[in-house]
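The values are calculated or read from the model by the stated rules, or taken from the named source; none is laboratory data. None of the values given here were measured: they were computed from a predicted structure. Note that we place each Cβ from the backbone using ideal geometry, even for glycine, and neighbour counts take in every protein chain shown.
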Amino acid sequence: MAVYTVQFIPSAVVDGETGDVYLPPLRVEKSFFLPLLCVGNAVSRNPHVTFRQDSRLMVVEATPDCSQVRHHSYAHYFLWERDHWMLWYRERLD
């Protein structure tokens with residue numbers, strides 16, 4: 001019996017007025033998947049995403065290289081500019 005672990009979680013950003021669908025700011029190979037949050041040796045969990053409807057800022061706490069032995073977790077601060085996300089700041093969590 002094979003055991004598979006899920007390293008990513010699907011997500012998208014949708015404009016509530018126009019219905020336009022955008023890729024998430026932090027993703028795996030231009031897909032609609034966010035990497036999980038893997039702090040230290042703890043069990044992986046869903047990434048922590050924080051945003052406000054009236055703001056251009058989104059904060060994503062995730063581990064982009066979770067499958068690596070020596071991985072690091074970060075709080076990624078993204079700003080919405082025109083029609084895409086720009087990384088504004090990244091802070092290490094571990």
- prompt: When you go through (1) modelled with pLDDT under 85; (2) in a strand (DSSP E or B); (3) hydrophobic (A, V, I, L, M, F, W, C) one by one for Val49, which number turns out not to apply?
  reply: (1)
task: Within the stretch 17-31, count every residue that is hydroxyl-bearing (Ser, Thr, Tyr) and either part of a strand (DSSP E or B) or in contact (Cβ under 8 Å) with a residue 40 or more places away in the chain (or both).
output: 1
message: Looking only at the stretch 32-44, how many residues end up being exposed (fewer than 15 other Cβ atoms within 10 Å of the Cβ) and either in contact (Cβ under 8 Å) with a residue 12 or more places away in the chain or under 12 Å from the mean Cα position of the chain (by Cα) (or both)?
response: 1
- prompt: Hey, any hits in the stretch 58-66 for a residue that's in a strand (DSSP E or B), at pLDDT 75 or above, under 24 Å from Asp94 (Cα atoms) and among the acidic types (Asp, Glu)?
  reply: yes
- prompt: What residue, among those in the stretch 67-94 that are surrounded by fewer than 18 Cβ atoms within 10 Å (Cβ to Cβ), of a type in the set (A, V, I, L, M, F, W, C) and touching a residue at least 40 places away in the same chain (Cβ under 8 Å), is farthest from Asp20 (Cα to Cα)?
  reply: Leu93
- prompt: Which of (1) of a type in the set (Gly, Ala, Ser); (2) over 22 Å from Asp20 (Cα atoms); (3) loosely packed, with under 12 Cβ neighbours inside 10 Å does Ala62 not meet, given it meets every other one?
  reply: (3)
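Each row is one residue, and each column tells you yes or no for (1) in contact with a strand residue (DSSP E or B) (Cβ under 6 Å, 6 or more places away or on another chain); (2) at pLDDT 85 or above; (3) among the hydroxyl-bearing types (Ser, Thr, Tyr).
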{"residue": "Val6", "(1), (2), (3)": "no, no, no"}
{"residue": "Asp20", "(1), (2), (3)": "no, yes, no"}
{"residue": "Pro24", "(1), (2), (3)": "yes, no, no"}
{"residue": "Lys30", "(1), (2), (3)": "no, no, no"}
{"residue": "Leu34", "(1), (2), (3)": "yes, no, no"}
{"residue": "Ala75", "(1), (2), (3)": "yes, yes, no"}
- prompt: If a residue has to be in contact with a Cys (Cβ under 6 Å, 6 or more places away or on another chain) and either closer than 14 Å to His76 by Cβ or β-branched (Val, Ile, Thr) (or both) to count, how many in the stretch 15-49 make the cut?
  reply: 2
